[in-house]
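First up is the structure itself, then whatever we jot down about it.
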Amino acid sequence: MTAKLTVVRPGALTTVQDAGRTGHAHLGVPRSGALDAPAMRLANRLLGNPDDAAVLETTLTGCALRADRPVTVLVGGAPCPVTVGGRPAAWGSPVHVPAGATLDAGPATSGVRSYLAVAGGLAVDPVLGSRSADLLSGLGPAPLAAGTVLPVGRARPLPALPVAAPWPAPPAELVLPVLLGPRADWFTPAAVRTFLTATFTVSAHSNRIGLRTEGPSLERESAGELPSEGMVLGAVQVPPDGRPVVFLHDHPTTGGYPVIAVVPEPALAAAAQAVPGTPVRFTVG
């Protein structure tokens, strides 16, 4: 039999995530998946898992799990204190958790989202080909609650790789390259200049759906309304308050506010780790 993990402390928001469910936007289903995909992939590789094995994504306050059998885990992404059975353990490299012991990934000391991977991956039931929790549509497993039991898959032998690896530091300033359009012409030339030269900040109202910003308001050239149109990952939508919102993995698949630009997907991992108040700049990439 394989191991099971019981949630002792769910944290502020901890969800199961993998590489997401692609190809279902026409059904109104967003991709979902780990916001910091490079962190998820590195954690899995260091445990010998497939890159897209399901992991836990924590938000700011971490989580704690009790293992019913011995397991090997790794906590990466946002740095945080890690303990096993109350004793300090390594962050960013594999850790052995004995049967009955509790692994605690504490509050992030920098960044926002830590990733807790377990050798064998989390074996919750897939929905539309993915084990990811989607907070917008409600597909996939619910966010963790105390007492939730998570099945673990069958582990592979640990790889002949270094047991530790360099992890990117959370950004002190978030610089997002953009491709202008498709609706940049809905804004005044001055607003487009402001978008590309001003410094915004990450709003505390950001979530897995979108990174919201605070700062100057972007003035529209057109006062009309758009019919709803398709939205892509990384779209920078500007709602009526004029503050740009960068769509992340749980974004809606359609929307009616104009999209001034799009952030290429590889640049979005840093957005997952930008704490509220982090300066944000948009540049033509």
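Just so it is clear, none of the values below were taken in a lab; they were calculated from the coordinates. Remember, it's a predicted structure, so these values are computed and weren't measured experimentally. Reconstructed Cβ throughout: ideal geometry from the backbone, glycine too, with neighbour counts over all protein chains shown.
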For this session: Please report Rg over Rh for segment 90-158, where both radii come from the alpha carbon positions and Rh follows the Kirkwood definition.
Result: 0.97
Exercise. Along its principal axes, what span do the Cα atoms of the chain show, with the longest given first and each in whole Å?
Worked result: 63, 37, 34
For this session: Amide H neighbours of residue 5 under 5 Å, at least 5 residues apart or on other chains, H built in the peptide plane: list them.
Result: 150, 152
Exercise. Over the Cα atoms of segment 1-122, how large are the radius of gyration and the largest Cα-Cα distance (Dmax), in Å?
Worked result: 14.0, 48
For this session: Return one number: the angle in degrees, 0 to 90 and rounded to the nearest 10, between the long axis of the Cα atoms of helix 37-47 and the longest principal axis of the Cα atoms of the chain.
Result: 10 degrees
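Classify segment 6-52 from the C-alpha gyration tensor, please: rounded if a/c falls under 1.5, else prolate or oblate depending on whether a/b exceeds b/c.
Working: a/c = 2.59, a/b = 1.27, b/c = 2.05.
Verdict is oblate for segment 6-52.
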Exercise. Is the shape of segment 174-284 best called rounded, prolate or oblate, per the rule: a/c under 1.5 gives rounded, else a/b larger than b/c gives prolate, else oblate, with a ≥ b ≥ c the square roots of the Cα gyration tensor eigenvalues?
Worked result: oblate
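With only alpha-carbon atoms in the gyration tensor, what are the semi-axes of the equivalent ellipsoid for segment 55-180, in Å, largest first? Walk me through the numbers before you get to the answer.
Numbers: eigenvalues 115, 86, 48 Å².
Square roots of five times the eigenvalues give 24, 21, 15 Å.
What order, most packed first, do the peptides 115-125, 96-106 have when packing is the mean number of other Cβ atoms within 10 Å of each residue?
115-125, 96-106
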For this session: Identify, among 247, 71, 13, the residue whose Cα sits farthest towards the positive end of the charge dipole of the chain, taking +1 on the Cβ of Lys and Arg and -1 on the Cβ of Asp and Glu, with the dipole about the Cα centre.
Result: 71
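If we sort 140-148, 126-134 on the protection proxy, mean other Cβ atoms within 10 Å, highest first, what's the order? Don't skip to the answer; put the middle values down first.
Details: 140-148: 15.8, 126-134: 21.2.
Per-residue mean Cβ counts within 10 Å order the peptides as 126-134, 140-148.
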For this session: Would you work out which of 180, 270, 227 lies farthest towards the positive end of the dipole of the chain, given +1 charges on the beta-carbon of Lys and Arg and -1 on that of Asp and Glu, about the Cα centre?
Result: 270
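At 222 nm, what value in deg cm²/dmol follows for the chain if DSSP H runs of at least 4 each add -39500 (n - 2.57) and the sum is divided by all its residues, to the nearest 500?
Working: 3 runs with 25 residues, N = 285.
Mean residue ellipticity at 222 nm (helix-derived): -2500 deg cm²/dmol.
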For this session: Quick one: what are the phi-derived ³J(HN,Hα) couplings along segment 246-263, Karplus 6.51/-1.76/1.60 with θ = phi - 60°, whole Hz, x for glycine and proline?
Result: 8, 6, 9, 5, 9, 5, x, 7, 9, x, x, 8, x, 9, 7, 6, 10, 8
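Report the full-extension gain for the segment residue 232 to residue 196: residue separation times 0.36 nm, less the Cα-Cα distance, to one decimal in nm.
Details: separation 36, 0.36 × 36 = 12.96 nm, distance 2.04 nm.
Using 0.36 nm per residue and subtracting the Cα-Cα distance, I get 10.9 nm.
Give, rounded to the nearest 20 debye, the magnitude of the charge dipole that segment 180-272 has about its Cα centre when Lys and Arg contribute +1 at Cβ and Asp and Glu contribute -1 at Cβ. Show your work: numbers first, answer last.
Working: 6 positive and 9 negative charges, 36 e Å.
Value, rounded to 20: 180 debye.
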